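What follows is a single structure, written as structure tokens, with notes after it.
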Amino acid sequence: MNTIFTIQTTGPACYEFTGQVNKWLRRVAPAEGLLTLMVRHTSCSLLIQENADPDVQIDLLDWLNRIAPPADHPSMHWLRHTMEGPDDMPAHLKAAILPVSLQLPIADGRMMLGTWQGIYVVEHRNAPHTRQVAALFQAS
Amino acid sequence: MNTIFTIQTTGPACYEFTGQVNKWLRRVAPAEGLLTLMVRHTSCSLLIQENADPDVQIDLLDWLNRIAPPADHPSMHWLRHTMEGPDDMPAHLKAAILPVSLQLPIADGRMMLGTWQGIYVVEHRNAPHTRQVAALFQAS
Amino acid sequence: MNTIFTIQTTGPACYEFTGQVNKWLRRVAPAEGLLTLMVRHTSCSLLIQENADPDVQIDLLDWLNRIAPPADHPSMHWLRHTMEGPDDMPAHLKAAILPVSLQLPIADGRMMLGTWQGIYVVEHRNAPHTRQVAALFQAS
């Protein structure tokens, strides 16, 4: 069974969609299997991260901006790919080091996530985007 | 077939568990298929890395500390999420850029790893932790 | 169905092999399923990245060199694992944060990639290498 999840973003942030995934799994995944998620873009990411303290996500975004600053930051004067705006090339850099695909073992119809793990789209661009996540469930 | 591997950690280091995985595979994976591993925590990581020179792992840990220093390092004064200790938020940062899940094609009952590849849990926290890795084998 | 893709590299760069993968899929994947790719080395990476402007790939390589410089750069004097050359340990560092495995949902015999996504081997070593990517297709 496959589907595409659509996540509307409005600037850099972590957008949790664990609920959307669970709802779909309850319909298609009665038992054991594997869920694969793959984001169909090169300037945002998937992430499994803590869903308790929202400061964790803010700190993560801040840190990514410090290791991959916008193209108009003095330390990034060497960037070539700047024609799509100062946030575009850093978005590709962040997309290279954060997951593009995630795999979740399913047992008894539920993702084997830990207590504090949620599933997120991490938006790296400033403008609003409609992001697609391709999903595939394979029963064992 | 699914299982959970338990890895006891005692501070930041790479903990190889290739042997545990191989032992389980010999029991459940007679032929071709896919092994998925997913760590059920947000402050440690999975990693496939060189298992020859142990200095590689020490250098990796040192480097991660340089790009994501502890919260009590002057360069990290801007961190918000500090209530769980100076090693907690950097652990989440490292967990965001190292793998949370790994997929290993199996042929003839064996993982198709290269000669120098081992499978590790990378612990990012200072205190000892009991880490769980969910595993799923799906025959082709 | 499994196979091994061989990619010949000649120094640090992104080597696209989307075409090789598509050709194989047309032969083995008539319908829905999951494609898993795993690189069998610890000093190069897999990557899904933009395949439009080649400057994106050059900027990515430059950035990786800035966050993980060669061992003979003054900022890297603390590295221990230097006996395989100044480009070896940084290659392991880059290999830790870029993907070692990728999973691609297949629908109607085609990878569900976005419009701008290509599949690459990212070479981190200076010398030419013959790189192997293990591939597994599992029908749903």
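The values are calculated or read from the model by the stated rules, or taken from the named source; none is laboratory data. It should be emphasised that the depicted structure is a prediction, and the values quoted were computed from it without experimental measurement. Ideal geometry is used to build each Cβ from the backbone, glycine not excepted, and the neighbour counts take in all protein chains shown. Side chains are part of the model used for accessible areas, which takes the heavy atoms of the whole protein and leaves out ligands, DNA and RNA. Shrake-Rupley method; radii C 1.70, N 1.55, O 1.52, S 1.80 Å.
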Using the alpha-carbon atoms, what tilt in degrees (0 to 90, nearest 10) does helix A:18-28 show relative to the longest principal axis of chain A? 30
Only helices counted: for chain B, with every DSSP H run of 4 or more residues adding -39500 (n - 2.57) and the sum spread over all residues, [θ] at 222 nm is -7500 deg cm²/dmol
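Could you size up the charge dipole of chain C around its Cα centre, putting +1 on the beta carbon of Lys and Arg and -1 on that of Asp and Glu, and report it in debye to the nearest 20?
520
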Calculate one ³J(HN,Hα) per residue across region C:47-55 by plugging θ = phi - 60° into the Karplus curve 6.51 cos²θ - 1.76 cosθ + 1.60, and present them in order as whole Hz with x for glycine and proline. 7, 9, 8, 4, 10, 8, 8, x, 4
Other chains' Cβ within 10 Å of B:42-55 residues: what's the mean? 5
Give me the mean projected area, in nm² to one decimal, of the convex hull enclosing the Cα positions of region C:1-109. 8.0
Take every residue in peptide C:71-79, count the Cβ atoms of other chains within 10 Å of its Cβ, and give the average of those counts. 2
Please calculate the 1.4 Å probe accessible area of C:Arg40, with all protein chains present, and give it to the nearest 10 Å². 60
For chain C, calculate the relative contact order in percent as a whole number, restricting contacts to Cα pairs under 8 Å that are 6 or more residues apart. 55
Spin-label model distance (nm) - A:Glu32 vs A:Ser140, 7 Å beyond Cα toward Cβ: 0.3
Here D for the protein assembly as shown, in µm²/s, from Stokes-Einstein with a Kirkwood Rh over Cα pairs at 4 °C and 1.567 mPa s, works out to 61
How well do other chains shield peptide A:126-137, expressed as the mean number of their Cβ atoms within 10 Å of each residue Cβ? 2
Rounded to the nearest 10 Å², the accessible area of B:Phe17 at probe 1.4 Å: 0
Between helix A:88-97 and chain A: long-axis angle, C-alpha atoms, 0 to 90°, nearest 10: 40
Along principal axes, largest first, the alpha-carbon spread of region A:65-140 in whole Å comes out as 52, 23, 20
Gaussian network model of chain C, Cα within-10 Å springs - most flexible of C:Leu79, C:Leu98, C:Leu35: C:Leu79
